[in-house]
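Beneath this line is the structure, given in structure tokens, with notes to follow.
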Amino acid sequence: MSALSSARLPLLAGIGALVLLALLAAVPQVLPLLGLGFWVNVVAEILIWSLLAASVNLLFGYVGLLSFGQALYFGFGMYGVAIGISTFGLGLWPALLLGVFAATAMAAVAGAFAVRLTWHYFAIITVVFSLIFYFLAMSAKNITGGDDGLSFSAPAIFTSLGLTLTDRATQYYFILIICAACYALMALVVGSPLGLRFAAVRENEKRASLIGINVYATRWMAFVLAGFLAGVGGALFALFGRYASASFMFYHVSGEAVVWAIVGGAGTLLGPLVGTALLILFREVVSGFWENYLMAVGAITILVVIFAPKGLVGSLHGLIARLRGRAAAATDGE
């Protein structure tokens, strides 16, 4: 009975993912009918920011490295798109690829130094990288726009089909498809032999090294992949807002992503999405009548860390595992 239940778990997870995707796909059709058209863009924003939280989660939840510098790669993704369009006159897809490539390349370079360290030393060096490029971006006004940032008009997605980001539903589906592809990629990675190497390094790097795992290379690959996810998020956010700014490279943006990942559940695939959705929806609802809503966000985070240290999704997984264990024990006892 237990083996049968275990075999059904991937099937149930797949069905759950398809149901979630169907619900997200219905957002641009259903919410406007309810007079809630504004929330379509909020959900799109949640999807984008969840990629930044997913990049934190990949490092912290799967490899055990807590980064407070993922906003750097988010910013590189933003500026890659903005500079590609406004300076080089690129179309949407080449600019998107430029932004993602710039973020991934930056992560490859920074990761080569950062993953040599662990614990608080790793966290500090990620912040230092973020601060260095934040101040560089602020001072290079002729390239980045400095305090004012760069604004641009987004090119068409497919000119021949007349698909543009100015249409709210088209923009939403463009973001949803790319975000879903990123989550599918991450599911493949964490379920692959590379994902097992991530877990081995997270649990005990010395033992991982003894069984032949190259700890440095494993951490570096995770760092680059995390930079890729953050870069995709930044590129999408630039196209979403038609704007790029150095302020999004500051470390407090990385701190928010850490909170989203921890509240949702570090080490779970959808935890970052749940945490990002919960706290952004809370902000949208509460900030309208209480400007100090961040105090409540802090209280929520503290409560989750104390009473649900594995985050909301992690705690749900634990509850399901306990219930399955009890059901299996009851069946064996009959």
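The values are calculated or read from the model by the stated rules, or taken from the named source; none is laboratory data. Keep in mind that what you see is a predicted model, and the values were worked out from it rather than measured. Cβ atoms come from the backbone with ideal geometry, glycine included; neighbour counts cover every protein chain shown. Calculation scope for accessible area: heavy atoms of the full protein, side chains included, ligands and nucleic acids excluded. Shrake-Rupley method; radii C 1.70, N 1.55, O 1.52, S 1.80 Å.
Yes/no matrix, rows are residues, columns are (1) loosely packed, with under 15 Cβ neighbours inside 10 Å; (2) in contact with a Lys or Arg (Cβ under 8 Å, 6 or more places away or on another chain); (3) touching a residue at least 40 places away in the same chain (Cβ under 8 Å):
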position: Thr144; (1), (2), (3): no, no, yes
position: Thr166; (1), (2), (3): yes, no, no
position: Ile175; (1), (2), (3): no, no, yes
position: Asn204; (1), (2), (3): yes, no, no
position: Arg207; (1), (2), (3): yes, no, no
position: Ile213; (1), (2), (3): no, yes, no
position: Arg242; (1), (2), (3): no, no, yes
Discussion item. For region 102-125: of the residues being hydrophobic (A, V, I, L, M, F, W, C), part of a helix (DSSP H, G or I) and free of Cβ contacts under 8 Å to residues at least 60 places away in the same chain, which is surrounded by the most Cβ atoms within 10 Å (Cβ to Cβ)?
Written reply: Phe122
Worksheet entry | Residue in region 26-47 that is touching a Leu at 6+ places or on another chain (Cβ under 7 Å), open to solvent by 30 Å² or more (accessible area, probe 1.4 Å) and closer than 13 Å to Arg168 by Cα present | yes
Fill in: Within region 304-318, tally of residues that are part of a helix (DSSP H, G or I) and open to solvent by 80 Å² or more (accessible area, probe 1.4 Å)
4
Worksheet item: Across region 253-272, what is the total count of residues that are open to solvent by 10 Å² or more (accessible area, probe 1.4 Å), of a type in the set (A, V, I, L, M) and over 19 Å from Thr126 (Cα atoms)?
Response: 2
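If the requirement is being more than 30 Å from Ala199 (Cβ to Cβ), part of a helix (DSSP H, G or I) and under 16 Å from the mean Cα position of the chain (by Cα), which of these qualifies: Phe248, Phe282?
Details: Phe282 fails: under 16 Å from the mean Cα position of the chain (by Cα).
So the residue among Phe248, Phe282 that is more than 30 Å from Ala199 (Cβ to Cβ), part of a helix (DSSP H, G or I) and under 16 Å from the mean Cα position of the chain (by Cα) is Phe248.
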Practice prompt. Specify which of the listed residues (Leu294, Leu281) is aliphatic (A, V, I, L, M) and modelled with pLDDT under 85.
Written response: Leu294
Item to complete: Scan (1) in a helix (DSSP H, G or I); (2) open to solvent by less than 20 Å² (accessible area, probe 1.4 Å); (3) closer than 21 Å to Thr218 by Cα for the single condition Phe74 breaks and write down its number.
Response: (3)
Worksheet item: Taking region 301-334 as the region of interest, how many residues are of a type outside the set (A, V, I, L, M, F, W, C) and out of contact with any helix residue (DSSP H, G or I) (no Cβ under 7 Å at 6 or more places or on another chain)?
Response: 11
Item to complete: Determine which single condition Phe158 fails, assuming it passes every other condition in (1) over 22 Å from the mean Cα position of the chain (by Cα); (2) over 25 Å from Ile46 (Cα atoms); (3) free of Cβ contacts under 8 Å to residues at least 40 places away in the same chain.
Response: (2)
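Restricting to region 219-254, give me the number of residues that are of a type in the set (Val, Ile, Thr) and at pLDDT below 95.
1
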Fill in: Count of region 109-162 residues which are among the hydrophobic types (A, V, I, L, M, F, W, C) and under 30 Å from Tyr173 (Cα atoms)
7
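For region 215-224, enumerate the residues that are surrounded by fewer than 20 Cβ atoms within 10 Å (Cβ to Cβ) and more than 19 Å from the chain's Cα centre (by Cα). Don't jump to the end; show me each part of the working.
Here is the first cut: in region 215-224, the ones surrounded by fewer than 20 Cβ atoms within 10 Å (Cβ to Cβ) are 215-217, 220-221.
Within region 215-224, Val215, Tyr216, Ala217 qualify.
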Discussion item. Here are the criteria: (1) touching a Cys at 6+ places or on another chain (Cβ under 9 Å); (2) open to solvent by less than 40 Å² (accessible area, probe 1.4 Å). Tell me which single one Ala238 does not satisfy.
Written reply: (1)
Item to complete: Look through Gly311, Gly255, Gly234 and report the one residue that is at positive phi, touching a residue at least 12 places away in the same chain (Cβ under 8 Å), out of contact with any Leu (no Cβ under 7 Å at 6 or more places or on another chain) and not hydroxyl-bearing (Ser, Thr, Tyr).
Response: Gly311
Practice prompt. Might you check whether a residue that is of a type in the set (Ser, Thr, Tyr), assigned to a helix (DSSP H, G or I) and out of contact with any Ser or Thr (no Cβ under 9 Å at 6 or more places or on another chain) occurs anywhere in region 321-334?
Written response: no
